[in-house]
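Reading through the structure tokens given below for one structure.
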Amino acid sequence: MSATVAIIGRPNVGKSTLFNRLVGKKLALVDDRPGVTRDRREGEAALGHLRFTVIDTAGLEEADSASLAGRMRAQTETAIAQADVILFMIDARLGITPMDQPFADLVRRSGKPVILLANKVEGNKGKDGVFESYGLGLGDPVPFSAEHGEGTSDLLEALAPFI
Ligand code: GDP
Ligand code: MG
């Protein structure tokens, strides 16, 4: 049985972009528009010498906002329950937003190992957001760019003990 890694975070931070990079196929839908329908995806990931199962928590479904929040929460909780280690992702260009907090709370409450990925920091962007993310209480952030592959070796190093 390979280890399971769940990518957790609010919509639009870059979870599916990382999932696609890890799985190597365009299995997860990437979309600019918040709120498009996206399914939960699972794939076999390769990162350097590491092999593991990765879960992309997606999903906003078309629904009223009350049931939307509930569904996202349920999906996130399920993925966290299945995970041996969690990748918690933020958009460092936007910093910590109110919407990040409930996702961070679920991760903290799980007590599972977590790696904090401060995404979208290619080309020296998002430094304030990286600094801000220390305040989540999820450990030291790994500056990352899912789109450009920056920070991959640091992610590999952080993940290796759990795989
Ligand atoms: P998800 O909702 O968390 O799955 O986010 P997506 O992977 O769908 O990405 C949302 C948007 O952010 C898309 O427009 C991506 O192209 C963009 N994005 C993802 N990763 C990066 C990154 O490292 N840098 C930048 N600049 N944009 C990114
Ligand atoms: Mg997605």
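Worth pointing out:
- Exposure check, 1.4 Å probe, all protein chains in place: residue 153 carries approximately 80 Å² of accessible surface.
- Prolate/oblate/rounded label for the range 123-163 (Cα gyration tensor, a/c 1.5): oblate
- Total charge dipole magnitude, the range 64-134, about the Cα centre, Cβ charges on Lys, Arg, Asp, Glu only, Debye to nearest 20: 60 debye
- Largest accessible area first, the residues 89, 99 order themselves as 99, 89 under a 1.4 Å probe with ligands, DNA and RNA left out.
- Cα-based shape type of the range 84-163, given that a ≥ b ≥ c are square roots of the gyration tensor eigenvalues and the cut on a/c is 1.5: oblate
- Surface listing: 148, 49 arranged by accessible area from highest to lowest gives 49, 148, probe 1.4 Å.
- Whole-Å distance, taken between Cα centres, linking the range 83-109 and the range 110-162: 11 Å
- Note on exposure: 54, 23 ranked by accessible area (1.4 Å probe, complete protein assembly) read 23, 54, with the most exposed listed first.
- Residue 120 accessible area, assembled protein chains, probe 1.4 Å, Å²: 60 Å²
- Rounded to the nearest 10 square angstrom, residue 91 shows an accessible area of 10 square angstrom against a 1.4 Å probe.
The values are calculated or read from the model by the stated rules, or taken from the named source; none is laboratory data. This is a predicted model, so every value here is computed, not measured. Positions of Cβ are generated from backbone atoms using ideal geometry, with glycine treated the same way; all protein chains shown enter the neighbour counts. We work out accessible area using only protein heavy atoms, side chains counted, and drop any ligands, DNA or RNA first. Shrake-Rupley method; radii C 1.70, N 1.55, O 1.52, S 1.80 Å.
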